[in-house]
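*Asks:* Okay, handing you the structure first.
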């Protein structure tokens, strides 16, 4: 029987020495297709994601006309997406290079594992929230244009507060 210690997190210690070789390779080791995806395809996706989001942020930063309420929401969304790319997909790429075992996250240590999962959850919830804000803002712009113009000035001032610190 395998020794599994959960310690109230997604990181656990797995002892595979009691399993047969075929069982270990079937269930616990990466297959060749997974290795190709995680070692070649996923880094390309990460690179394109970072380049695209960075280009969008650069345009928002350099062109003052683009600093609308919707684009401020979208710029925050691109930051959340970059965090998700770095910690979500990046963690999977690192995991494949560090260990051949699929469920092995122990190289992060317990603290690193908790931080990665926390940042993934926060960035995905922030992405959902920001997409909802963009949808609501576009709804008001189309269905109630006068009210939207009155609120747009207040929202623009509110959205510019995080940029005062930079």
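*Asks:* Does a label point 7 Å from the Cα of residue 39, set along Cα-to-beta-carbon, have any residues of region 71-112 with amide nitrogen under 11 Å, and which are they?
*Replies:* Within reach of a label on residue 39: 96-98, 100.
*Asks:* Calculate the spin-label point distance for residue 31 paired with residue 128, positioning each point 7 Å from the Cα along the beta-carbon direction, and give it in nanometres.
*Replies:* Inter-label distance under the simple model: 3.0 nm.
*Asks:* Using Cα pairs under 8 angstrom and six or more residues apart, how large is the relative contact order of region 30-117, in percent?
*Replies:* 39
Values in this text are rule-based calculations from the coordinates and carry no lab data. All figures in this text were calculated on a predicted structure; none of them were measured in a lab. Cβ sites come from the backbone with ideal geometry, for glycine too, and all protein chains shown count toward neighbours.
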